[in-house]
1. Take the Cα atoms of region 54-147, find their three principal axes, and give me the spread along each one in whole Å, biggest first.
2. For a protection proxy built on the mean count of beta-carbon atoms within 10 angstrom, sort 84-95, 5-16, 117-128 highest first, please.
3. Take residue 7 and residue 97, extend 7 Å from each Cα along the Cα→Cβ direction, and tell me the distance between the two endpoints in nm.
4. Which residues among region 111-140 fall inside the zone where the amide N is under 18 Å from a point 7 Å beyond the Cα of residue 15, along Cα→Cβ?
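Just so it is clear, none of the values below were taken in a lab; they were calculated from the coordinates. In this text the structure is predicted, and so the values were computed from the model without any measurement. With ideal geometry, Cβ positions are generated from the backbone for all residues, glycine too; neighbour counts draw on all protein chains shown.
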Amino acid sequence: LLRLVGVVVVGFALLNFTAGLRLAGVGLPWAGGAAVVAAPAAAQIVDGVQALQTRQDADGYSPEAVTIYAGTPTRWTITSSTTATCAASLVVPDLDIFQRLNEGDNVIQLPAMRAGTLRYSCAMGMYGGEIRIVERPTGTTGQGSGG
């Protein structure tokens, strides 16, 4: 019985360690990484701002990994279906964003950023995602249709 309890305690320690790293903005390949989403084929850019859509529910954020273009401000709309989960408390450490999501659409204005990865999570670090920021391919105008 003591061995079983020891294994359970070590398991909880690993879970908490992983959540702590996620809160610190460190991505781990074994900690629920999502499939890579390709660069936006036709970014929706209206008045110089690109649109990003994310859903938040009791299971976290969806999609967990998205891609936007560097150098363009972003209007990030997070549609929340429930506030009865820690996923309703959004943390984006690199931008000092700590926001409680309300049911419905929540809009966050992201500045123009350099290429890289922006990680976010819930306040407990249990659910998370990332925004991959890529350079715009040469030859694209950066103007999408409104919508």
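1. For region 54-147, the Cα extents along the three principal axes come out at 45, 27, 19 Å.
2. Ranking, from highest mean packing down: 117-128, 84-95, 5-16.
3. Calculated label separation equals 4.1 nm.
4. It comes to 122-128, nothing else.
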